[in-house]
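Structure, as structure tokens:
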């Protein structure tokens with residue numbers, strides 16, 4: 001499952017998603033669980049879309065920030081019932097996670113070798129996600145957090161090459 005990715009460049013994301021990325025650094029840094037990155041949500045005024053900075057790894061209002069390290073992916077099969085995700089799912093708090101690329105470990109050599117996966121035409125990708133809002137996040141300040149939705153990838157020609165042998169093959173929803 002996706003534990004790190006690159007959000008991409010502001011200009012490309014603004015053009016592709018037709019929304020202003022004023023909260024986004026223009027350097028395409030690699031994002032890991034617990035780091036902050038931009039996500040696209042339905043605008044709270046319900047007039048369109050907005051970009052907000054959010055923690056990669058969903059942190060419900062009742063949870064500690066440490067939870068982000070284990071909630072960066074939400075299985076499509078259980079997202080509606082798992083305590084960490086069900087409120088966001090039931091409230092339809094869906095988001096788009098803009099990405100230039102994501103990284104997965106390949107074990108074909110017998111060792112973990114991280115592969116970068118990107119759009120064939122070098123376009124930004126939109127990854128399906130869910131988001132939460134927490135009034136007392138980092139340093140006691142309000143914050144958004146998010147998880148990427150994953151599905152089974154046992155039959156996918158490329159994605160079956162990733163993750164440890166014998167592990168379930170999963171992929172993010174693009």
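When segment 1-10 is limited to residues that are modelled with pLDDT under 90 and more than 12 Å from residue 38 (Cβ to Cβ), the one that is nearest to the chain's Cα centre (by Cα) turns out to be 2. Filtering segment 45-54 for residues that are surrounded by fewer than 22 Cβ atoms within 10 Å (Cβ to Cβ) and modelled with pLDDT of 95 or more leaves an empty set. All conditions but one from (1) surrounded by 13 or more Cβ atoms within 10 Å (Cβ to Cβ); (2) more than 26 Å from residue 29 (Cβ to Cβ) apply to residue 67; the one that does not is (2).
Please tell me if residue 108 is at pLDDT 95 or above and either in a strand (DSSP E or B) or over 18 Å from residue 39 (Cβ atoms) (or both). No, not satisfied. Select from segment 64-88 the residues that are under 16 Å from residue 144 (Cα atoms), part of a loop (DSSP other than H, G, I, E, B) and in contact (Cβ under 8 Å) with a residue 24 or more places away in the chain and list them in ascending order. Residues satisfying the conditions are 71, 72, 84, 85. Among all positions in segment 111-127, there is at least one residue which is under 30 Å from residue 62 (Cβ atoms) and modelled with pLDDT of 95 or more. Looking across segment 48-63 at every residue that is assigned to a strand (DSSP E or B) and in contact with a helix residue (DSSP H, G or I) (Cβ under 8 Å, 6 or more places away or on another chain), the one that is farthest from residue 140 (Cα to Cα) is identified as 49.
Results for (1) over 22 Å from residue 34 (Cβ atoms); (2) out of contact with any strand residue (DSSP E or B) (no Cβ under 9 Å at 6 or more places or on another chain), shown as yes or no for each residue.
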position: 72; (1), (2): no, no
position: 77; (1), (2): yes, no
position: 80; (1), (2): yes, yes
position: 90; (1), (2): yes, yes
position: 93; (1), (2): no, no
position: 96; (1), (2): no, no
position: 100; (1), (2): no, no
position: 104; (1), (2): no, no
position: 112; (1), (2): no, no
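For segment 153-163, the count of residues that are touching a helix residue (DSSP H, G or I) at 6+ places or on another chain (Cβ under 8 Å), more than 23 Å from residue 16 (Cβ to Cβ), surrounded by 17 or more Cβ atoms within 10 Å (Cβ to Cβ) and free of Cβ contacts under 8 Å to residues at least 24 places away in the same chain is at least one.
The values are calculated or read from the model by the stated rules, or taken from the named source; none is laboratory data. In this text, all values refer to a predicted model and were calculated from it rather than measured experimentally. FYI the Cβ positions are ideal-geometry reconstructions off the backbone, even for glycines, and counts take in every protein chain you see.
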